[in-house]
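Asker: Here it is: the structure, laid out below.
The values are calculated or read from the model by the stated rules, or taken from the named source; none is laboratory data. Here the structure is a predicted model, which means the values were calculated and not measured. Cβ placement follows ideal geometry from the backbone for every residue including glycine, while neighbour counts extend to all protein chains displayed. Ligands, DNA and RNA are excluded from the accessible area calculation, which covers all protein heavy atoms including side chains. Shrake-Rupley method; radii C 1.70, N 1.55, O 1.52, S 1.80 Å.
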Amino acid sequence: MIQNDLLVFCFFILFALIVLVLFYFKRISKKVFFISIILLILIDYFNFYSKFYATKNTNTIYDFKNEFSYIKKDNDRFRIFIYPSGNEFLTLNEKIENTTGFDPLYLKSYRDFLWEIGPHENTPYESFITINKITNLDNLKLLNVKYIVSKNSLELRGISQVYKDKYYVYKVDNYLPRAYFINTNSLNFNLKTITPSPVRIIDYKPNKITLSLNTKSSGYLVLSENYFPGWQAYDNNKKVNIFASNKIFRSIRLEEGAHNITFIYNPLSFFAGKIITFFTLIMLTFYFALLYRSNLIKIFKTRLK
């Protein structure tokens, strides 16, 4: 992938440099220069986007229609797991969360965690993670998976068939909620040794999550979301540390008592970007003000003459 991208990159850079040099030494006209640049941009766009314009049979696209309709009747907050992988993008329009997703840039730690579910394919060109067989149901439970949608019948302990049309829909027994509290001192826990207590979800947005709970002992609040730099946590308006439990999950340490927890995504890179943008706008405003003033002076002097 890197070699191919570098070759394409070098081609476009070389072409652009040749056009610029020819224009600089007046070997080509201004019209030819602009046509060349526009042509270069169009080729670049076509080269990148053409692979995404693949036609599909509508019957295949809407294969899961009845299955999704059944799942959407459940108002709980959960994820689903589609088996075998490859149709995760279909859940986007239905606003159903799935585990494997459809993303060109997924985290290596998350991919490794998913691979623990069972035998898998290592396909670097795909935008989803392919699992060929489910052998580890615990990882699906940790990922807040309540339903498994499968093309074939599954003989797996710990799941129950709840619907069947074109595909089988299974419900995961004793699945874990999106957020829960566990009375343990270990960040890496085994499902057989814990008794999770559900946590009340007050607000759940992509960049802000608000939770509430009252604990009778110390332990960890575990959120079934990826641990990632840039997230900040506040316990009763006091900033606290975020830890990674079971390798990938966002967790915080809590003591006995009532807690109002807020997770906010506020990375330093975003703050730096705002500062840079702010000062750039000020500099541009100052520059154009000077330019405008300079032009006014020239116009005034010309009229005086």
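Asker: Could you check segment 248-264 and list, in sequence order, the residues that are open to solvent by 10 Å² or more (accessible area, probe 1.4 Å) and not charged (D, E, K, R)?
Answerer: Of everything in segment 248-264, those that are open to solvent by 10 Å² or more (accessible area, probe 1.4 Å) and not charged (D, E, K, R) turn out to be G257, A258, H259, N260, T262, I264.
Asker: If I filter segment 81-110 down to residues being part of a loop (DSSP other than H, G, I, E, B) and within 25 Å of R200 (Cα to Cα), which single residue comes out as most open to solvent (accessible area, probe 1.4 Å)? So that I can check it myself, show each step before the final result.
Answerer: Let us first name the residues in segment 81-110 that are part of a loop (DSSP other than H, G, I, E, B), namely 84-89, 95-97, 99-107.
Now restrict to residues that are within 25 Å of R200 (Cα to Cα): 95-97, 99.
Numbers: K95: 182, I96: 17, E97: 70, T99: 6 Å².
Looking at the filtered set, the residue picked out is K95.
Asker: Related question: Can you report the number of residues in segment 62-80 which are within 24 Å of L137 (Cα to Cα), assigned to a helix (DSSP H, G or I) and of a type outside the set (D, E, K, R)?
Answerer: 3
Asker: For segment 271-283, indicate whether the set of residues that are closer than 29 Å to S212 by Cα, at pLDDT 95 or above, open to solvent by 80 Å² or more (accessible area, probe 1.4 Å) and not basic (K, R) is non-empty.
Answerer: Scanning segment 271-283, I find no residue that is closer than 29 Å to S212 by Cα, at pLDDT 95 or above, open to solvent by 80 Å² or more (accessible area, probe 1.4 Å) and not basic (K, R), so the answer is no.
Asker: Out of (1) over 15 Å from D173 (Cα atoms); (2) in a loop (DSSP other than H, G, I, E, B), the odd one out for L154 is which?
Answerer: Only one criterion is unmet by L154, namely (1).
Asker: Return the residue satisfying two criteria in turn: it lies in segment 124-139 and is open to solvent by less than 40 Å² (accessible area, probe 1.4 Å) and at pLDDT below 90, and of such residues it is farthest from L176 (Cα to Cα).
Answerer: In this case the residue turns out to be S127.
Asker: If only one of I117, I129, I148 is under 20 Å from S224 (Cα atoms), assigned to a strand (DSSP E or B) and β-branched (V, I, T), which one is it? Even if it seems obvious, please write down each step before you answer.
Answerer: On the way: I117 fails: assigned to a strand (DSSP E or B); I129 fails: assigned to a strand (DSSP E or B).
Of I117, I129, I148, the one residue that is under 20 Å from S224 (Cα atoms), assigned to a strand (DSSP E or B) and β-branched (V, I, T) is I148.
Asker: Just to verify a result, which residue in segment 235-247, among those that are over 25 Å from I194 (Cα atoms) and not in a loop (DSSP other than H, G, I, E, B), is least open to solvent (accessible area, probe 1.4 Å)? First the steps, then the outcome.
Answerer: Of the residues in segment 235-247, the ones over 25 Å from I194 (Cα atoms) are 236-239.
Remaining after also requiring not in a loop (DSSP other than H, G, I, E, B): 238-239.
Numbers: K238: 141, K239: 126 Å².
The residue in question is K239.
Asker: Please name all residue pairs, on different chains or six or more residues apart, with Cβ atoms under 8 Å, provided the first residue is in segment 183-208 and is in contact (Cβ under 8 Å) with a residue 12 or more places away in the chain and the second residue is open to solvent by 100 Å² or more (accessible area, probe 1.4 Å) and of a type in the set (K, R).
Answerer: Final answer for the pair search is N188/K247.
Asker: Would you mind telling me which numbered condition in (1) under 26 Å from the mean Cα position of the chain (by Cα); (2) aliphatic (A, V, I, L, M); (3) open to solvent by 50 Å² or more (accessible area, probe 1.4 Å) L221 fails?
Answerer: Unmet for L221, out of (1) under 26 Å from the mean Cα position of the chain (by Cα); (2) aliphatic (A, V, I, L, M); (3) open to solvent by 50 Å² or more (accessible area, probe 1.4 Å): (3).
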